[in-house]
Every structure is written in C-alpha cells, then in structure tokens.
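Student: So that we are looking at the same thing, I have put the structure below in structure tokens.
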Amino acid sequence: MDLNNKRILLTGATGGIGQQAAQSLAEQGARLLLVARNQQKIEALIARLPNPDVHTTLSADLTTRAGRCALNQQVEHWQQQGKRLSVVINNAGSNQFQFLSQRSHDTLETELNLNLLTPILLSQMAMQWLERPGLILNVGSTFGAIGYPGYTSYCAAKAGLHRFSEALNRELDGAGINVLYLAPRATDTDLNSAAVQAMNKKLGNHSDSPQVVAQQLVEMLQHEQATRWLGWPEKLLVKINQWFPSLVSNAIRKHQSVIHDCLTQTPLGHHHDVKLNASLTSAEKHL
Ligand SMILES: NC(=O)c1ccc[n+]([C@@H]2O[C@H](COP(=O)([O-])OP(=O)(O)OC[C@H]3O[C@@H](n4cnc5c(N)ncnc54)[C@H](OP(=O)(O)O)[C@@H]3O)[C@@H](O)[C@H]2O)c1
C-alpha cells in the first residue's frame, strides 16, 4: 500500500517503537490518529512530526470500554466527514519480567487484556472503520513463538495474537482487508526493565533500535507482507522451536542460572507491581 495521504490509527504511539513508527509513517505522508493514555506525551510527539496539523491525538485507556468508545467516536466523527481509515496498527503492549508465582491476578489480567483482547476487539471494530483495501497490523513478539521463563503470560498473549492475526487474515481473504503480524525481537525501549537489559547483556542477546523496527513496520505495510519476524538468530530459533522444541529447551536450560538471577533481582517487578508491592509493604509495616 502506498501510505501517502492514508489515514492510519496507531496505538501505543508514545512508546519507544510507537514514536519511531509515527515518525516514519508521517515521513511517508500518512495522516495519523495517535492513541495512548498520556495526553502530554502524545501532544509532545505530534509537535515533532512532519506536518503536525494533519495528525490527531486521542488519550484513551484501550483496555477499558470507555477508552474504546472514545476511539470509536473519533473514527465515526471522521467517517461523517467522508474520511476513512486505511490502516489500523495495534502496537500498544506491556509486560512484566517476573516468575508467574509472583504475579498478581490484576497484572496478569491487564497484560492479557492489552496484548491480546484489546487488539482482537479493535480488529473487530476496524472492520467497520476501514476502507477497502485496508490493513490491520498487529505487533507481536519473538516471545509469541518461543516460550521464555519470566514471560509466561506475555508469551501466551503474543502467541494468541499471532494465531488470531493468521485466522482473521484467512477469514477476510477476498474481503479487501489484510491482517499482518510483525514480531520484533528485544528492542531498546522503556518496556524492558534494568533487569531485562542486564540479562540480555549477560546472555549476548541482541537488541534492535526502535528505528529499525519502525522501518520494518513501514516496509511490511508497503508490501502487505502477512508475517515478519525480526532479527537473526531469533527468526531461526522460532523455526527450530516449532520443529525441535527440546533443542531450545536445552539452550534455555544452560542459561537458567543467569535468567533466574535476573528474575530474582526484580522482586518488585515493573510498572503497576512496583506501586502495588510498595504500598503493600508500607501497609504491612503498619500492621
Ligand atoms: N521493546 C521490546 O523489546 C519489544 C520486543 C518485541 C515486541 N514488542 C512489542 O512492541 C510493542 C511496542 O512496545 P514498546 O517497546 O514500544 O513499549 P513501550 O515503550 O512500553 O510503549 C508502550 C505504549 O503502549 C501505550 N499503552 C500502554 N498501556 C496502554 C493502555 N492501557 N491503553 C492505551 N495505550 C497503552 C503506552 O502509552 P501510555 O502509557 O501513555 O498509555 C505506550 O505508548 C508492544 O506491543 C510490545 O509488546 C516490544
């Protein structure tokens, strides 16, 4: 698809990959609808983009009904003016690097909601929003194809997103909408905590810049390629894990002590759990 003058919805626009994707898409002449929760960050982003006047922002928590309703209203408002979306990119995502036994039910629900249920619901809504031909691009992960310690629920969510994208693409065959799945490997963004960065360094795992991922995302949309796995040797490991999972299990077993060391370095985890556990600890002190 030629992206010039196309209207594109991008979720997770203020994140490491989202900001670069917004920049690269705007450079291709796209008109963006940028969504994230933090309004200040989206406005700061839009001010840095080429042709800021043609882009629109929306602050919404997409894991909530209210957030998705606000997004629907914005898109319907455009439709009443004869403007239709050509591309929907489900990029918002989150994870926590922790043992499953340490995770709260709330954080597991949020992670599965944002990484799996939300893109499914937005893809369904996109069928009403998109002009034909239209594209849906779901951002997954290498971990959608390789189960990895510390990322159990994230792996489950991204694996689900991969199968969902494949199934919907087949369901919509001939209907004018292609559904694409992009699977980055580790990328230098705030998604990865200090413990994850330390683990990647110790294990020699490569990490891509967000610019590399954004460029791949743009190329995928231009070529309408159904699936793209990023990084070498990660894309080979994805294949090996499919055919010979015990080989990958053996390789991970050799790294187990490093992985467990890094996992135990993050007793408070990442994002919400930090606040939750901190407030629990201070509450316990008061008992
Ligand atoms: N970084 C990596 O190593 C890596 C590797 C493979 C795949 N990926 C995938 O790539 C995508 C982007 O990751 P990233 O590294 O750019 O992450 P990031 O820097 O943490 O950014 C996450 C984005 O999602 C938004 N977001 C989070 N919760 C939201 C919610 N409830 N409603 C709406 N927006 C929400 C955040 O904005 P607000 O907080 O303002 O809402 C932010 O814009 C994700 O799907 C991730 O799983 C990342």
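Student: Considering only segment 198-216, I want to know if a residue exists there that is in contact with a Phe, Trp or Tyr (Cβ under 6 Å, 6 or more places away or on another chain) and within 16 Å of the ligand (Cβ to nearest atom).
Tutor: Checked against the condition, which is being in contact with a Phe, Trp or Tyr (Cβ under 6 Å, 6 or more places away or on another chain) and within 16 Å of the ligand (Cβ to nearest atom), segment 198-216 yields no hits at all.
Student: In segment 112-131, is there at least one residue being part of a strand (DSSP E or B), over 19 Å from ALA21 (Cα atoms), of a type outside the set (Asp, Glu) and open to solvent by less than 50 Å² (accessible area, probe 1.4 Å)?
Tutor: Among the residues of segment 112-131, at least one is part of a strand (DSSP E or B), over 19 Å from ALA21 (Cα atoms), of a type outside the set (Asp, Glu) and open to solvent by less than 50 Å² (accessible area, probe 1.4 Å), which makes the answer yes.
Student: Testing ASP106 on (1) within 14 Å of the ligand (Cβ to nearest atom); (2) open to solvent by less than 40 Å² (accessible area, probe 1.4 Å), one condition comes back false. Which one is that?
Tutor: (2)
Student: Do we find that LEU168 is under 30 Å from PRO245 (Cα atoms) and outside any helix (DSSP H, G or I) in this structure?
Tutor: Criteria not met by LEU168.
Student: Let me ask you something else. Just checking, does segment 176-192 include any residue being more than 16 Å from the ligand (Cβ to nearest atom), more than 16 Å from SER141 (Cβ to Cβ) and within 19 Å of the chain's Cα centre (by Cα)?
Tutor: Looking for residues that are more than 16 Å from the ligand (Cβ to nearest atom), more than 16 Å from SER141 (Cβ to Cβ) and within 19 Å of the chain's Cα centre (by Cα), one finds at least one in segment 176-192, hence yes.
Student: Here is a follow-up. Does GLY231 satisfy the condition of being farther than 19 Å from GLN98 by Cα, within 16 Å of the ligand (Cβ to nearest atom), part of a loop (DSSP other than H, G, I, E, B) and modelled with pLDDT of 95 or more?
Tutor: yes
Student: Among the residues of segment 138-157, how many are without any contact (Cβ under 8 Å) to a residue 60 or more places away in the chain and near the ligand (Cβ under 8 Å from one of its atoms)?
Tutor: Looking only at that region, the number is 4.
Student: Failed condition for ASP53, given (1) touching a residue at least 24 places away in the same chain (Cβ under 8 Å); (2) farther than 30 Å from GLY147 by Cα, with all others met?
Tutor: For ASP53, the exception is condition (1).
Student: Identify, please: which residue in segment 140-168 is β-branched (Val, Ile, Thr) and open to solvent by less than 40 Å² (accessible area, probe 1.4 Å) and is, among those, nearest to the chain's Cα centre (by Cα)?
Tutor: Here the answer is THR142.
Student: So which of ALA70, ALA66 is without any contact (Cβ under 8 Å) to a residue 24 or more places away in the chain, within 13 Å of the ligand (Cβ to nearest atom) and touching a Leu at 6+ places or on another chain (Cβ under 9 Å)?
Tutor: Criteria check complete, one pass: ALA70.
Student: Turning to a different aspect of this structure: All but one of (1) without any contact (Cβ under 8 Å) to a residue 12 or more places away in the chain; (2) touching a Cys at 6+ places or on another chain (Cβ under 8 Å) hold for PHE97; state the number of the condition that does not hold.
Tutor: With respect to (1) without any contact (Cβ under 8 Å) to a residue 12 or more places away in the chain; (2) touching a Cys at 6+ places or on another chain (Cβ under 8 Å), PHE97 is out only on (1).
The values are calculated or read from the model by the stated rules, or taken from the named source; none is laboratory data. Please read these numbers as outputs of a predicted model, since none were measured by experiment. Reconstructed Cβ throughout: ideal geometry from the backbone, glycine too, with neighbour counts over all protein chains shown. What goes into the accessible areas is simple: the full protein's heavy atoms, side chains included, and nothing from ligands, DNA or RNA. Shrake-Rupley method; radii C 1.70, N 1.55, O 1.52, S 1.80 Å.
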